[in-house]
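Since every read-out is calculated from the coordinates, none of them should be taken as a lab result. Predicted, not measured: the structure shown is a model, and the values here were computed from it. Cβ placement follows ideal geometry from the backbone for every residue including glycine, while neighbour counts extend to all protein chains displayed.
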2 protein chains.
Amino acid sequence: MLKHVLNNVLDPELNLDRIFRALADPGRRRMLERLSEGPASVSELGKPMAMSLAAVLQHVQILEGSGLVQSRKLGRTRTCSLNAQTLRSAERWISERRTFVERRLDRLGEYLADTADQPDTGDAGPAAPHAPA
Amino acid sequence: MLKHVLNNVLDPELNLDRIFRALADPGRRRMLERLSEGPASVSELGKPMAMSLAAVLQHVQILEGSGLVQSRKLGRTRTCSLNAQTLRSAERWISERRTFVERRLDRLGEYLADTADQPDTGDAGPAAPHAPA
DNA sequence: ACCGTACTCAAGTGAACGCTTGACTATTCC
DNA sequence: GGAATAGTCAAGCGTTCACTTGAGTACGGT
């Protein structure tokens, strides 16, 4: 657990692997949805889940290994909560790629608009590398 | 390919499975990073990749099956490009959960601040379900 | 016509995943 | 103390994943 946190800090790439992998399972996403409404115990998370408690625990461990979830044990129940910061780091990766494409497409659009009613000036203008997307 | 697109429209949950699964591989993320800079051919995507072209193609097919990438073949080269909209749908799922937690934590914070210098009124106030996060 | 490039397909392989069962350990409640 | 609750550990099992190799197809250049 602590080791994962350390690895995640040292190697954000590896962390993204784990985060997206954790998000790829519909059951785990449902657990996260539940946790977004507030902390919950392991069995509480598994209640709507049609699988053994052991399986639920394994999912929780994967979520925890990714940093998306933290948990602490009080008495005999383990209470899990969602870590918004980890969620944000995944969001950021996606957002960066997305804005990159969108900006590029905007430039391409302008370029096309500019050259539409103008003869070729020989100026390369903004990059329009391959096919017009 | 078309079938995937259809499934994705009909079942957005299944789509999220595929999208996050596709994002979970570091090689595929690198391909997406490359594609965010502009369209590229299959072999171009595989160039920095230390694996067979067949393997690269399989990755491209997974990306395409998730809707993150589209491609069309001209002559003998297949040109791939990134689909910002699919990227956005993954981003949205994450963002919604995140804002949900953050808002809840904000309310909790206010609640704690309010009750800090006030005696217990018996009023339940905003939900503070379990442990103080 | 021929060669090299750029994919494409199919089968196989080892590792990782998702889950189960069975046993075992705290805690809590009566 | 004894039963029920909540979690934990380990082994096993079928499936899916990320490749590989070895083939074949279709262009494109000369």
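The table below gives the values:
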{"read-out": "Förster-model FRET efficiency, 41 Å R0, A:R72 and B:R30, C-beta, rounded to 0.05", "value": "0.65"}
{"read-out": "Relative contact order for the stretch B:20-72, counting Cα pairs under 8 Å that sit 6 or more residues apart, in percent", "value": "32 percent"}
{"read-out": "Other copies of A:L14: label-to-label distances in nm, shortest first, labels 7 Å along the beta-carbon direction", "value": "3.6"}
{"read-out": "When the convex hull of its Cα atoms is projected in every direction, mean area for the stretch B:21-83 (nm²)", "value": "3.8 nm²"}
{"read-out": "Sorted by Cβ neighbour density within 10 Å, fewest at the top, the residues A:I62, B:I94", "value": "A:I62, B:I94"}
{"read-out": "Per-peptide average of other Cβ atoms within 10 Å, ordering B:48-60, B:78-90 highest first", "value": "B:78-90, B:48-60"}
{"read-out": "Residue-count net charge about A:D25 - beta-carbon cut-off 13 Å; Lys, Arg +1, Asp, Glu -1", "value": "+4"}
{"read-out": "Cα-derived Rg to Rh of the stretch B:4-109, Kirkwood definition", "value": "1.09"}
